[in-house]
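Below is one structure, written out as structure tokens; comments come after it.
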Amino acid sequence: MVPPMKASQGDLERVARAVVEALKKQGFVKPKVADEAIQRRIVQLIQASIDGEAALEREAERFAESHAR
């Protein structure tokens, strides 16, 4: 079993900040809302993805255990 990904809230916030800064610097986006609002949404999306992966992993483990008998 692969251990679930662990990222602290601070880690997620740093990633989100870096993403927003890079997109703005490269001219890919011209935000209509505050950077902080975008960063919060990115953190939510990353966390939802991590949670979804963990749930999928648990389901796969249960499936494998039930079919290994």
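Numbers below:
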quantity	calculated
So E61, is it open to solvent by 60 Å² or more (accessible area, probe 1.4 Å) and charged (D, E, K, R)	no
A7 being at pLDDT below 95, open to solvent by less than 50 Å² (accessible area, probe 1.4 Å) and of a type in the set (G, A, S)	yes
Test: residue in the stretch 22-36 that is in contact (Cβ under 8 Å) with a residue 12 or more places away in the chain and among the hydrophobic types (A, V, I, L, M, F, W, C)	no
Verdict on A16 being surrounded by 13 or more Cβ atoms within 10 Å (Cβ to Cβ), modelled with pLDDT under 95 and hydrophobic (A, V, I, L, M, F, W, C)	no
Output for the stretch 47-58, where each listed residue is exposed (fewer than 11 other Cβ atoms within 10 Å of the Cβ) and within 19 Å of G10 (Cβ to Cβ)	A48
All positions within the stretch 29-46 that are open to solvent by less than 60 Å² (accessible area, probe 1.4 Å) and part of a helix (DSSP H, G or I)	D35, A37, I38, Q39, I42, V43, I46
Some residue of the stretch 51-59 being over 18 Å from the mean Cα position of the chain (by Cα) and not hydrophobic (A, V, I, L, M, F, W, C)	yes
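The values are calculated or read from the model by the stated rules, or taken from the named source; none is laboratory data. A quick note: this is a predicted structure, and the numbers were derived from the prediction, not measured. With ideal geometry, Cβ positions are generated from the backbone for all residues, glycine too; neighbour counts draw on all protein chains shown. Note: areas computed on protein heavy atoms with side chains; ligands, DNA, RNA excluded. Shrake-Rupley method; radii C 1.70, N 1.55, O 1.52, S 1.80 Å.
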